[in-house]
Amino acid sequence: MAELQFLGATEGVTGSAYLLRARGTVVLMECGLYQGRREEEACNREPFPFDVGELDAVVISHAHLDHSGRLPMLSAAGYAGPVYMTRPTAALLDIMLKDSASLEERDAEWENRRRRRSGKKEVLPLYTLDDAEAALKLCEGIPYGERREIAPGISLCYRDAGHILGSAIVELFVEDGGDERKLVFSGDLGNSDAALLRDPETIDSADVLLLESTYGDREHRSMAETLEEFSDVIERATRGRGNVLIPSFAVGRSQEIIFHLGEFYRQGLLQRHAVYLDSPMAIAATAVYQRFQHVFNHEDREELYDTESGSLHDFLPSLRYIADTEASMALNRVTEGAIIIAGSGMCTGGRIRHHLKHNLWRRGAHVVMVGFQARGTPGRALVDGAHSLRLAGEDIAVRAEVHTLGGFSAHASQSQLLDWVGGFKQRPRIFLVHGEEDAKAALKTKLDEGGWQADIARTGARVQL
C-alpha cells in the first residue's frame, strides 16, 4: 500500500520534504533548506532521515530554497537519479543553487578565519559549488500539463501554481494494487492579485492533498489598496528627502515590484526617482523571467509588449542594475531619491543589510516589507516594531518608517486558499503543511467549518494514500 511520510515544513514554513513509498518505489517530494532562527537552520546539518540509496526519483515544486536548497547535499550523499521540475524552475535553480553554494563557501571561510585565530576546529560549508553543479546535472524539466512516468508505478503532472516563475502544483498518480491513487501537493499557491503570473490552476480530484498554509490565518489587502499605499510611501519619502528600501526575494518578488514601479513610471509618479536593483541574483533571475514570458498572464504580457523590447528593464526606464560590490557601496552616499531593491527578503543576509545600516537611522527613510517574514529573522523584528537592529556589529536605531505591504505577497491568502480547495469535485483528505502553528490552526478551523477533513501534518507521521 502507498504510504506518505512527512519530513519537513510541518512544524514551520521551511525545510519542505515528503517521502512517498509505493510497491518498492521511493520518491522524495521537495528537498528544502530550513530557514529562519538559528536552531531551525541547524537542522540543515542533520543527515537525511531516509536511505538516499533507496530513492528512485526526486520531485521539486519550485525554485525557492526552502523547497530545493538541500539538493546539493542530496547529490553529495550519493543520489544520482533524476530530479524533476518545470523548465523555468530548472533555469532559476541554475542561478539559485550556485549562489547559495558560493555564500556557503564564503561564510565558512570567514568563520574559519576567526576559528583559526582562536584555535577552534574549522567548519565545513553545507555544500560547495561542485556539489551544486553535480545536483544541477540531475535536473530534468517537464512542461506544465504533461503526465510522465517518473518511477515504476508513479506518474507526475505539473500544474501552474502562480507563485513564482515555474512554480507548480504537483500531481502524483500512484498504482496501488490495481487501483490508482492520486496525491496532490499544492506547492506554494500564488496570490491571484499578483502581477505577471497566471492564477493557480484548479484541481478537481485527489485522494490526499497537502495544502500550504503560510497565510492561512489572514487576508491580503487588495492590490488597488496596496498600490495606493506604495505610491503614498514613495511620495512621503520624496517630501521627507529620504530613500525607500525594499528587502526583496531575488526571484519573484523583485520582478513583480519592478513591474509595478514601471506602471508608476508610466503614470508619471517616478520622474524624480532612480530605481536600483542591487542584487546579482535578482538581475540574473529577471533575465530568466524575460526568457519565459510565455507563462505570464495575458494582460501583463500585453503591457510589456508595448515597450520596444518587451522587457521589464525597458518597462521601467529609470531602473539601474547594480552588479558589483563597489557600485552597491556607492549607493550608501545617496541619501534621497533612491528606491533600492536588494536581497535578502527577510534581511538575513545580502546587500540589504548594509543599506539598512546606512538608512535605518534616518527619519526621512522608509522600509517597505513586501514578503513573508519568518520568526527569528531581522525582517520579522522590523515588522514587529524593533527599536534597533544589530547590523555589522553595530546596534542601529530604527528611525525610518517601516511599512508592511502584504498585498504584494506571492502566497495565497486564507480566502484564496479556501477558494482553491473549493475547486475539488471530490473531497480529499487534507494535511496542512508550510505554516506557523497559528496559521495552520486558523485554516483548519475554516476547513472544518466547511465540512472538509483536515489535519495538521506532524514531522515523521505516516499516512496511507
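FYI, it's all coordinate maths here, none of it is from the lab. Because the structure is predicted, anything quoted here is derived from the model rather than measured. Cβ atoms come from the backbone with ideal geometry, glycine included; neighbour counts cover every protein chain shown.
Ranked by how many other Cβ atoms sit within 10 Å of their own Cβ, fewest first, the residues 265, 289 fall in the order 265, 289.
Normalised by the residues of the range 51-210, what does the relative contact order come to in percent, with Cα pairs under 8 Å and at least six apart? About 20 percent, as a whole number.
Once the GluC sites (Glu not before Pro) in DSSP loops with at most 10 neighbouring Cβ atoms within 10 Å are cut out of the chain, the longest remaining piece is 147-307.
Between the alpha-carbon centres of the range 188-215 and the range 31-82 there is a gap of 23 Å. Which shape class applies to the range 114-223: rounded if a/c is under 1.5, otherwise prolate when a/b exceeds b/c and oblate if not, where a ≥ b ≥ c are the square roots of the Cα gyration tensor eigenvalues? Because a/c hits 1.5 or more and a/b fails to exceed b/c, the range 114-223 counts as oblate.
For the chain, relative contact order (Cα pairs under 8 Å, six or more residues apart, normalised by length) works out to 19 percent. Full extension of the segment from residue 102 to residue 311, taken as 0.36 nm per residue of separation minus the current Cα-Cα distance, would add 72.4 nm.
For residue 122 and residue 397, the difference between the fully extended length at 0.36 nm per residue and the C-alpha to C-alpha distance is 95.6 nm. Mind grabbing the base-10 log of I(q)/I(0) for the range 223-408 at q = 0.14, 0.16 Å⁻¹? Debye formula, identical points on the C-alpha positions, no solvent, two decimal places. Those come out to -0.73, -0.96, one per q. Remark: the residue 37-residue 229 segment gains 66.1 nm on full extension, using 0.36 nm per residue and subtracting the alpha carbon distance.
Each Cα pair under 8 Å and six or more residues apart adds its sequence gap; the mean of these over the residue count of the range 223-408 is a relative contact order of 31 percent. Annotation note: trypsin sites (Lys or Arg not before Pro) in the range 253-348 located in DSSP loop regions with a Cβ neighbour count of at most 10 within 10 Å are 272. Spacing of the modelled spin labels on residue 335 and residue 222, each 7 Å from Cα toward Cβ, amounts to 4.1 nm. Taking each DSSP H run with n ≥ 4 as -39500 (n - 2.57) and averaging over every residue of the chain yields -9500 deg cm²/dmol at 222 nm. The eigenvalues of the Cα gyration tensor, multiplied by 5 and square-rooted, give the chain an equivalent ellipsoid with semi-axes of 36, 26, 21 Å from largest to smallest. The order of 307, 286, 89, 325, going from fewest to most other C-beta atoms within 10 Å of their C-beta, is 325, 307, 286, 89. Please identify every one of the trypsin sites (Lys or Arg not before Pro) in the range 90-195 that sits in a loop by DSSP and has no more than 13 other beta carbons within 10 Å of its own beta carbon. Loop-located and lightly packed - 120, 121, 137, 147.
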